[in-house]
Amino acid sequence: MGLSGGQPRRRLGVFGGAFDPPHMAHVALAQAAVDQLRLDALYVVPTGQAWHKTRALTPASHRLAMAQLAFGDLPKVDVSDVELLRHGPSYTVDTLHDFQARGPNAQWFLVMGEDQAQALNRWHRADEIVKLAIISIARRAEKTRAEAEFDPKTLHGAVWEPILLPLMPTSSTAVRQRIADGEGTDRLVPDAVARYIDQHQLYQTTR
């Protein structure tokens, strides 16, 4: 579908997360989303007030700075503080509305991992989310036998498009725990992020 004058719709993505801290799998997913979804731009959005997190997040200024260090050099990727500036809980549906107001004629993609997709039906106004954007789920190119295959049929009413990623067994939780235990990040986060964590002495105790 094109716009008047025959111009194609811009393809824009939103990739949200706590990024506490951002790690190499996050960076790989952002790059894969731009390449595989043929995005004109991808907005990386650090979570503001996370309604679904039981632990306190690292202050927003640190998470924004780390996200800028992790994603700042990727072509077509922009780190947005839209949720950090919003008062009250951060809901993805509100973020999508904010971006759609800026690009009302664009085709929007919501980029997420399989673990997030499994819980999408429990997100705030999930039925509205799937109408605002194509759901683009990161799927590992290789799976262990113990890993259940994600069934997109659980996303009622959603249009979805997969993003294939190599197996990258890491998580922000694991990175925080390694640092709290006095271990190195062992290339689990970008070098600039590792230096920032060390400089600001983040995650020195288990969070």
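Values quoted throughout were computed directly from the atomic coordinates according to the rules given, and no laboratory measurement underlies them. All values derive from a computational prediction rather than experimental measurement. So basically every Cβ, Gly included, is an ideal-geometry build from the backbone, and we count neighbours across all protein chains shown.
Worth a mention:
- Computed from Cα atoms, the angle from the helix 92-102 axis to the main principal axis of the chain rounds to 60 degrees.
- Pair Arg125, Arg38: separation of 7 Å Cα→Cβ label points (nm): 3.1
- Normalised by 2.2 N^0.38 Å, where N is the number of residues, the alpha-carbon radius of gyration of the chain equals 1.02.
- Dipole of the chain, positive direction: furthest Cα of Ala32, Ile134, Val79, with charges on the beta-carbon: Ile134
- With kT/(6 pi eta Rh) evaluated at 4 °C and eta = 1.567 mPa s, and Rh the Kirkwood radius from Cα pairs, segment 21-96 diffuses with a coefficient of 99 µm²/s according to Stokes-Einstein.
- Note on the chain: helix-only mean residue ellipticity at 222 nm, from DSSP H runs of 4+ residues weighted -39500 (n - 2.57) and normalised by residue number, equals -9500 deg cm²/dmol.
- The long axis of helix 24-36 is offset from the longest Cα principal axis of the chain by roughly 20 degrees.
- With Cα atoms, 0 to 90° folded angle of helix 60-71 axis to the chain main axis: 70
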